[in-house]
Amino acid sequence: MSLFIDEISKIDALVQQKVSGNSGHEKILKHAKSDTAFNDILNSNIDKNKVNKGVFLNSSSLSSEKLKLIAEIIQVQFKSTFLSFGNDSEEKSSNFNIEDLLLNLSRKSSLIDSQVSKTKQPVPVIPDSKFHNIEKVINEASKKYKVNSELIRSVIRAESNFNPDSTSPKGAMGLMQLMPETAKDLGVKRPYDISENVMGGTNYLKKLLDRYEGDTNLALAAYNWGMGNLERNPENLPRETRDYIAKINKFLNSSLSV
């Protein structure tokens, strides 16, 4: 087993001592209070196991992110066990076993995989030719509708991450994520076409900027949440919309600082 498992086994040995006397119990409580001890073990062994980390749980190669998530689960479960001392029966405490803990972790492998995938979303691979075409259309739309090209670019980045084939769960389509009804109103017949989508989306953004007298935040709120929702409940922006506005402003600020 890896060094990481060896260290956990040492803690398990302390746990088993709990049944035989108070001295073991005191050692356990000392360990339970020491996050530093656990974190030192974790940090050192993640580095040491970069080459042979496949030994861990007899699994295939594990990323540092997955090792850390596994370790967090271990830490939570150890703390839960430590805190139960004094309240649970001797029989329950003595039944705690490191093998059971690792078996439980292996059963959670699918959960760990999903957590890692959520923290690191794949970025769509966009050919250079298509990306250059997107940039060309952004600049054309900016000139035609007199909308800041960086704002158009930031909206595209937030909406689809420059993936012209993107479709949201709600049915929004293409680079600027046009809803079917909005696309129809704008005369966009091919929403996955780069030029039609960006021209249509920029046209809509321009209409919103004009409607809200150049207030970018209000225009973005309406783009994300809808004009009707915004104008009926201007003081109750949902968290998703507030995060959306903040994200685009962050993109804009970073582009200005370059």
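Just so it is clear, none of the values below were taken in a lab; they were calculated from the coordinates. Just so we're clear, the structure is a prediction, and the values are computed from it rather than from any experiment. Don't worry about glycine lacking a Cβ; one is built from the backbone with ideal geometry, like all the others, and counts go over all protein chains shown.
For the range 128-257, lysine pairs separated by 8 or more sequence positions, or belonging to different chains, with Cα-Cα distances below 12 Å total 4. Each 10 Å bin from zero holds the following percent of Cα-Cα pairs in the range 125-179: 26, 52, 22, 0.
The protection proxy used here, the mean number of other Cβ atoms lying within 10 Å of each residue, ranks peptides 154-161, 196-203 as follows, highest first: 196-203, 154-161.
Kirkwood analysis of the Cα pair distances in the range 153-200 returns a hydrodynamic radius of 10.1 Å. With the largest listed first and rounded to whole Å, the semi-axes of the equivalent ellipsoid of the range 120-258 from the Cα gyration tensor are 22, 17, 16. Packing order of peptides 165-175, 235-245, highest average first: 165-175, 235-245 (average count of other Cβ atoms within 10 Å over each peptide's residues). Under the simplified labelling scheme, the residue 254-residue 193 pair shows an inter-label distance of 3.2 nm, with each label point 7 Å from Cα along Cα→Cβ.
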